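Step one of this worksheet: look at the structure below.
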Amino acid sequence: VFFFSRAMAMESRAYNNAAQSPPPFPATANTDIAPDTGVMLERMPPPPGPPVDPPPPGSALVDEVDKRILVVLRDGRKILGILRSFDQFSNMVLVDACERVIVGDTFGDVPLGSYIVRGENLVLLGAVDEAESEAGPPGLRRLSADEIRVAEMAEKQSNSLKRTMLARFDFLDDLS
């Protein structure tokens, strides 16, 4: 591995453009001079410890197989489930999956059963402690699946109404 500094490059260009006089810096045990360009290259020491090969593509999830994980999708949904399988594209199969819906200071888990997640929709994933998963997020009150869906619909209607009202008052921006 070689490190190339800008100052060394400028000095070596001057060396090449001058009448092939010797470089102003001597080559040492940690440096080499490139024979074709005369550029001085500095050797970097090898990293400490044994060399580490990068893991093969798609193998980062091996440690999470048969564990409960939380997956956040591109559309904002949060899916909890047990990771059964995955491939090199991070497509994954979750069993005993449920969607965790959070509305205000309440939350609920909507059961999904077995669930396939396409890797391109994956934003974030992480292991979840089983006890913490059942207790839910701290400070939030648990609702049943039906109750949380009703609360979610009410929140969507409220947000839709807010957007409509803001659009109606958009003319105020033109007055200023």
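Some notes on this structure:
- If the condition is being under 17 Å from residue 129 (Cα atoms) and either in contact (Cβ under 8 Å) with a residue 24 or more places away in the chain or touching a Phe, Trp or Tyr at 6+ places or on another chain (Cβ under 8 Å) (or both), then segment 35-78 contributes 61, 64, 65, 67, 68, 69, 70, 71, 72, 78.
- When segment 60-81 is limited to residues that are outside any strand (DSSP E or B) and under 18 Å from residue 102 (Cβ atoms), the one that is most open to solvent (accessible area, probe 1.4 Å) turns out to be 74.
- Single match in 119, 108, 136 (criterion: surrounded by 11 or more Cβ atoms within 10 Å (Cβ to Cβ) and in contact with a helix residue (DSSP H, G or I) (Cβ under 7 Å, 6 or more places away or on another chain)): 108
- Test: residue in segment 115-127 that is in contact with a Phe, Trp or Tyr (Cβ under 8 Å, 6 or more places away or on another chain) and more than 20 Å from residue 96 (Cβ to Cβ): yes
- The residues listed here are 144, 160, 85; of these, the one that is of a type in the set (Gly, Ala, Ser) and surrounded by 12 or more Cβ atoms within 10 Å (Cβ to Cβ) is 85.
The values are calculated or read from the model by the stated rules, or taken from the named source; none is laboratory data. Note that the structure is predicted; figures quoted are calculated from it, not measured. No Cβ is skipped: glycine too gets one built from the backbone with ideal geometry, and neighbour counts run over all protein chains shown. Surface accessibility is based on the protein's heavy atoms, side chains included, excluding ligands, DNA and RNA. Shrake-Rupley method; radii C 1.70, N 1.55, O 1.52, S 1.80 Å.
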